[in-house]
1. Can you sort 125, 31 from fewest to most other Cβ atoms within 10 Å of each residue's own Cβ?
2. State, to one decimal in nm, how far the label point of residue 54 lies from the label point of residue 33, with both points 7 Å from Cα in the Cβ direction.
3. Report the full-extension gain for the segment residue 13 to residue 96: residue separation times 0.36 nm, less the Cα-Cα distance, to one decimal in nm.
4. Once the principal axes of the Cα atoms of segment 12-146 are found, what is the range along each, listed largest first in whole angstroms?
5. Taking the Cβ of each residue in 50, 55, 78 as the centre, tally the other Cβ atoms inside 10 Å and list the residues starting with the fewest.
6. So if we plug the beta-carbon distance of residue 20 and residue 117 into 1/(1 + (r/R0)^6) with R0 = 35 Å, what FRET efficiency do we get, rounded to 0.05?
């Protein structure tokens, strides 16, 4: 019902729904039903710079939890698909230093792959360098970063 309202209401009426979803964004993203709503909301937010920035900030703040969750990782992937690469930099920066470890985990590995696909230039080079020089990938590092 909420998804339908989000897609059919005029812009001024959508704002109330979006504000409520943003208030519980991390919780909704980590739930199967909530994720369905999030996946509909992100493209709607991509049309508004202020909403895009708020979604990205929330995702960056909760990125480690989201990328490792069976549902939350999809929320991050949809954002990377929907928003411009420069808008997603806070998310990419929040994962910096953890890409190699995340690349070896079931759910977060999909996010790392999407980060590589959607990042550009220097940001992509940073991720690739981190993956290439990782002690974790070589099996020599014993401490967990997460």
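1. Working: 125 11, 31 15.
Arranged by neighbour count, lowest to highest, 125, 31 become 125, 31.
2. Result: 2.4 nm between the two label points.
3. Numbers: separation 83, 0.36 × 83 = 29.88 nm, distance 3.71 nm.
Answer, rounded to one decimal: 26.2 nm.
4. Principal-axis extents of segment 12-146 (Cα, largest first): 54, 30, 18 Å.
5. Values: 50 8, 55 26, 78 20.
Ranked by crowding around the Cβ, least crowded first: 50, 78, 55.
6. Values: r = 31 Å, r/R0 = 0.89.
The formula returns an efficiency of 0.65 here.
Read-outs: derived from the displayed coordinates by stated rules, not from any lab. The structure presented is a predicted model; accordingly, all values stated were derived computationally and were not measured. All Cβ positions, even for glycine, are placed from backbone atoms using ideal geometry, and neighbour counts span all protein chains on display.
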